[in-house]
Amino acid sequence: MLGLKLPTDPRWVNIVEKNIDEILTDHAFCEQKAASTAISLIVNFPEYPELVTEMVALSREEMGHFKMVHDRILARGKTLGRYRKDEYVVALMKFFPKGGSREEQLVHRLLYAALIEARSCERFRLLSEELQDKDLAEFYRKLMISEAGHYTLFLKFARQYGKKAEVDGKWQALLEYEASIMKDLGKKETVHG
């Protein structure tokens, strides 16, 4: 369903289980960035009312997810920790050239967002199936379902606002590129890296 060209090595979950606090911190910041992405799309593309409406709802949902993760961090007697760059997102954002028409910029941002959500969904599925902590596994199962919805939402908008055949070609090329950067990732207790 997700179309990812390189699945995550299931041994990644073993890395995560050795430092649950680290994955929770990284996950919290991912939720914050997802909310920020939705708000940025509203600010930069206000002429698309359907997009704006959906991004308002998405930003609320993502901040709700942030709160849920943050509450888990606090329940473990920890604090959020410091923000760190997401190596995966930094590498991913180098794919499309800067500039272009507003339509191209919007489509590219939507495709990036769709892929980030797809990879999150795939990782959350692994956590839901493999974590020994059954409560945390169930938590990630619920979030996996949500991420799948976000992935399809962003991809739908990319196809709606761009030329479908062109968007589909860009999507396939982005999936191939993402697989190439994933070869060097998956060795840390982070959602994407």
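Bear in mind these aren't lab numbers, they're just calculated from the coordinates by the rules spelled out. Treat the numbers as computed from the prediction; the structure is a model and nothing was measured.
3J(HN,Hα) along the stretch 129-136, derived from phi through the Karplus expression 6.51 cos²θ - 1.76 cosθ + 1.60 where θ = phi - 60°, amounts to 8, 10, 5, 6, 6, 5, 5, 5 Hz, with x in place of Gly and Pro.
Both the radius of gyration and Dmax for the chain are 16.4, 50 Å, in that order, over alpha-carbon atoms. Oblate is the label for the stretch 59-108, because the ratio a/c of its alpha-carbon gyration tensor axes (a ≥ b ≥ c) is 1.5 or higher and a/b is not greater than b/c. Compactness ratio for the stretch 81-133: Cα radius of gyration over 2.2 N^0.38 Å (N = residue count) comes to 1.49.
When the Kirkwood hydrodynamic radius is evaluated over all pairs of different C-alpha atoms of the stretch 84-193, what value in angstrom, to one decimal, is obtained? It would help to have the intermediate numbers written out before the result.
Details: mean 1/r = 0.0676 Å⁻¹.
It works out to 14.8 Å.
From the alpha carbon centroid of the stretch 39-85 to that of the stretch 133-184 is 17 Å.
Rounded, prolate or oblate: pick one for the stretch 7-109, where a ≥ b ≥ c are the square roots of the eigenvalues of its C-alpha gyration tensor, a/c under 1.5 means rounded, and failing that, prolate if a/b is larger than b/c, else oblate. Don't skip to the answer; put the middle values down first.
Working: a/c = 2.78, a/b = 1.58, b/c = 1.76.
Verdict is oblate for the stretch 7-109.
Rounded to the nearest 10 degrees, the inclination of helix 164-182 to the longest alpha-carbon principal axis of the chain is 30 degrees.
If a/c stays under 1.5 just call it rounded; otherwise compare a/b with b/c (prolate if a/b is bigger, oblate if not). Do that for the stretch 146-193, with a ≥ b ≥ c from the square roots of the Cα gyration tensor eigenvalues.
Working: a/c = 4.91, a/b = 1.62, b/c = 3.03.
Oblate shape, in that a/c is at least 1.5 and b/c is the bigger or equal ratio.
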